[in-house]
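The values are calculated or read from the model by the stated rules, or taken from the named source; none is laboratory data. Keep in mind that what you see is a predicted model, and the values were worked out from it rather than measured. All Cβ positions, even for glycine, are placed from backbone atoms using ideal geometry, and neighbour counts span all protein chains on display.
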Amino acid sequence: MQLAQTEQTIDFHITERKKLSIQSFHDRYQLPVLVVDKKQLEYYPEGTDHSFFFHPSSAVFRIKQFDVSGHDPLITIARLEEGMTVLDCTLGLGADAIVMSHAVGSSGQVTGLESNAATALIVRQGLQHWIERYQPIVDAMRRIVVREADHLTYLKSCSDDAVDVIYFDPMFEKTVSESTHLNGLRQLANYEPLTEEVLIEAKRVARQRIVLKAHFESDLFDRFGFARTKRKSSKLHYGVLEL
């Protein structure tokens with residue numbers, strides 16, 4: 001088994017804030033702003049007042065609910081078990097990756113891909129430093145490996161049958177307007193569509209299955225032959241390609 005390795009380098013101009021507004025920094029430097037404090041990193045893309053910062057979001061209640069009920073839609077559909085390996089090709093804020101990491105446990109491994117350097121940095125730092133009172137959530141976050149990489153390039157660098165499950169969540173293909181907490185991430189998101197070339201590589205790299213989460217109106221399920229699981233209470237559905 002071989003997964004590709006990546007390194008990232010980001011250049012920063014470091015300056016004291018001195019109680020200045022974010023807009024004043026945008027006006028002065030004509031650059032995005034990364035605010036660093038003791039608790040977190042907060043990123044403000046140029047031209048917007050929406051910030052991006054790490055939060056485990058829905059992973060918190062989903063993991064707690066799973067430990068009580070033994071059920072989570074993604075864990076069930078992906079058929080995740082202790083010791084499995086997962087490649088999350090669209091990491092984003094990492095909520096699904098955290099849930100999957102909890103499912104595969106300490107003997108498994110979740111690797112998350114994020115093509116935007118700023119997002120990869122913030123999510124990587126968040127996964128390593130965010131504190132929750134429920135220790136299993138903390139353990140799940142700490143085990144995730146974040147790689148800054150475009151998923152097609154990364155998949156091409158992987159050996160055959162490198163992981164058990166590959167996961168895709170092209171979350172901005174259709175906008176879910178209720179997801180206002182993602183406003184900061186929308187400025188940094190990779191809007192490249194899922195393509196036949198990506199699926200060909202994913203089928204080569206995954207041993208067991210490929211899982212897709214997409215808007216219920218998406219044509220990706222039919223276009224690529226995913227068996228869809230409809231969710232009456234959600235605008236987001238899951239699909240599976242068994243290999």
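Here are some notes:
- Options 182, 188; residue that is assigned to a loop (DSSP other than H, G, I, E, B), aliphatic (A, V, I, L, M) and either within 15 Å of the chain's Cα centre (by Cα) or at pLDDT below 95 (or both): 188
- Candidates in the range 75-111 are the residues that are in a helix (DSSP H, G or I) and out of contact with any strand residue (DSSP E or B) (no Cβ under 7 Å at 6 or more places or on another chain); of these, the one that is surrounded by the most Cβ atoms within 10 Å (Cβ to Cβ) is 98.
- Single residue of the range 21-50 satisfying the filter (surrounded by 15 or more Cβ atoms within 10 Å (Cβ to Cβ) and touching an Asp or Glu at 6+ places or on another chain (Cβ under 6 Å)) that is farthest from residue 124 (Cα to Cα): 26
- Qualifying residues in the range 155-176 (those that are farther than 16 Å from residue 85 by Cα and under 17 Å from the mean Cα position of the chain (by Cα)) - the one modelled with the highest pLDDT: 169
- Among residues of the range 131-153 being farther than 14 Å from residue 88 by Cβ and among the aliphatic types (A, V, I, L, M), the one that is surrounded by the fewest Cβ atoms within 10 Å (Cβ to Cβ) is 131.
- Screening 200, 210 for residues that are within 26 Å of residue 153 (Cα to Cα), in a helix (DSSP H, G or I) and modelled with pLDDT of 95 or more leaves exactly one candidate, 200.
- Taken over the range 91-118, the criterion of being touching a Lys or Arg at 6+ places or on another chain (Cβ under 9 Å), among the hydroxyl-bearing types (Ser, Thr, Tyr) and touching a residue at least 40 places away in the same chain (Cβ under 8 Å) is satisfied by 101, 111.
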